[in-house]
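Peer 1: Sharing a structure here in structure tokens format.
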Amino acid sequence: MIRRIPFFAAWAEMAPNRRKEAVAGYLFISPWLIGFLVFFLGPIIASFVLSFTSWNIVGTPEWVGLENYNTILTADPRFVKAVQVTLTYSIIYLPLEVVCGIGLAVLMNRKVKGIGIFRTLYYMPYVVPQVAAALVWVWMLNTRYGVVNTLLSTVGVDGPNWLGSPSYLLSSFVMIALWGVGGSAVIYLAGLQNIPEVFYEAATVDGAGPIQKFFKITLPLLSPTIFFQVVLGLIGVFQTFTPAFIAAGTSGGPLQAGLFYMLYLYNRGFVTLRMGYASALAWIMTLFILFVTVIVLRSSQYWVHYETDRSRNR
């Protein structure tokens with residue numbers, strides 16, 4: 001049986017040279033530890049406590065118990081609207097992101113002259129700061145002088161009011177987000193290049209065509225990468241904020257058609273100064289993301305295929 005030695009007893013029994021190495025190690029990681037405690041763990045604990053209070057930032061927090069959560073879940077129509085907008089956007093954007101990302105990766109995986117230049121061009125929008133990208137798209141989608149409507153007018157199409165109409169606002173955000181799909185395409189490209197060529201060669205010998213190869217070889221062996229991207233995409237899409245804040249404002253645009261959940265949280269916390277209420281909103285979102293992520297993780301056993309598992313079954 002292994003005897004558990006308390007930390008201080010173990011420290012006392014440690015050799016002097018090992019103790020010096022341990023001190024040096026703790027000193028080297030101390031900036032990260034301090035940053036983690038002050039800027040990560042500390043705010044998490046503080047927001048959890050504040051979610052049970054009523055606090056306007058400048059005053060003293062007043063304990064209200066579960067009142068914030070009760071109001072959010074039973075008597076807040078804007079919360080319902082924010083959830084509806086965010087879920088609708090997620091349902092539209094995530095499948096398109098996966099499909100466009102895989103399609104773009106397949107194109108970038110071809111061995112043609114100058115493919116490196118195209119890969120760079122497709123990836124560049126992903127590294128552009130979100131604020132700059134959103135501002136550019138606000139200009140491009142302008143009804144009167146925007147590039148998109150100008151191009152549509154050249155072919156006789158009267159472009160819509162992209163950011164001023166409730167019917168087109170959410171579609172505009174999907175368009176803006178898909179502009180940076182090159183980032184996920186690079187991840188899919190790495191997954192494609194890890195698929196052994198021997199599988200395609202064997203399929204060719206068996207008479208399989210390109211479509212059969214794609215659905216029988218590429219997609220199954222790419223499923224771990226798709227799973228990784230879906231999990232990250234779910235976590236990220238529920239936290240959409242910057243494009244909505246710049247293009248729609250804190251109110252969420254016309255008829256609150258762009259009132260994303262994080263935008264509503266920001267509105268409650270920094271516009272109306274109800275920080276306790278905003279903290280409760282943040283923890284509801286955290287629990288929801290955790291719930292959805294667990295569901296996706298549990299479902300992976302039915303559609304994610306690993307080559308190591310296939311090898312073991314043989």
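Peer 1: Could you name every one of the helices (runs of 4 or more DSSP H) located completely within the stretch 225-303 that has at least 2 residues being small (Gly, Ala, Ser) and crowded, with 21+ Cβ neighbours inside 10 Å?
Peer 2: Per the criteria, 242-248, 275-303.
Peer 1: Among residues belonging to the stretch 79-109 that are over 16 Å from Gly252 (Cα atoms) and of a type in the set (Gly, Ala, Ser), point out the one that is surrounded by the most Cβ atoms within 10 Å (Cβ to Cβ).
Peer 2: Filtering first and then ranking leaves Ala105.
Peer 1: Can you find even one residue in the stretch 45-62 that is free of Cβ contacts under 8 Å to residues at least 12 places away in the same chain, of a type in the set (Val, Ile, Thr) and under 21 Å from Ala190 (Cβ atoms)?
Peer 2: No - not one qualifying residue is present in the stretch 45-62.
Peer 1: From the list Leu163, Leu141, Leu170, Leu121, pick out the single residue that is closer than 21 Å to Val99 by Cα and either aromatic (Phe, Trp, Tyr) or surrounded by 18 or more Cβ atoms within 10 Å (Cβ to Cβ) (or both).
Peer 2: Among Leu163, Leu141, Leu170, Leu121, only Leu170 is closer than 21 Å to Val99 by Cα and either aromatic (Phe, Trp, Tyr) or surrounded by 18 or more Cβ atoms within 10 Å (Cβ to Cβ) (or both).
Peer 1: Just a yes or no: is a residue in the stretch 149-170 assigned by TED's automatic domain parsing to the domain that holds Ile246 and either acidic (Asp, Glu) or within 27 Å of Tyr306 (Cα to Cα) (or both)?
Peer 2: Yes, there is a match, as at least one residue in the stretch 149-170 is assigned by TED's automatic domain parsing to the domain that holds Ile246 and either acidic (Asp, Glu) or within 27 Å of Tyr306 (Cα to Cα) (or both).
Peer 1: Among (1) among the hydrophobic types (A, V, I, L, M, F, W, C); (2) over 22 Å from the mean Cα position of the chain (by Cα); (3) at pLDDT 90 or above; (4) closer than 15 Å to Arg78 by Cα, there is one condition Leu265 misses while meeting the rest; what is its number?
Peer 2: Here Leu265 clears every test but (2).
Peer 1: Does Tyr188 satisfy the condition of being modelled with pLDDT under 90, surrounded by 13 or more Cβ atoms within 10 Å (Cβ to Cβ) and touching a helix residue (DSSP H, G or I) at 6+ places or on another chain (Cβ under 7 Å)?
Peer 2: Answer is no for this residue.
Peer 1: Considering each residue of the stretch 15-65, count those that are part of a helix (DSSP H, G or I), more than 25 Å from Leu287 (Cβ to Cβ) and not hydroxyl-bearing (Ser, Thr, Tyr), and give that number.
Peer 2: Number satisfying all stated conditions: 18.
Peer 1: For the stretch 83-192, give me every one of the helices (runs of 4 or more DSSP H) that falls completely inside it and has 3 or more residues that are in contact (Cβ under 8 Å) with a residue 12 or more places away in the chain.
Peer 2: 115-127, 130-140, 166-178
The values are calculated or read from the model by the stated rules, or taken from the named source; none is laboratory data. What you are looking at is a predicted structure, and each value in this text was computed from that prediction instead of being measured. Backbone-built Cβ (ideal geometry, glycine too); neighbour counts: all protein chains shown.
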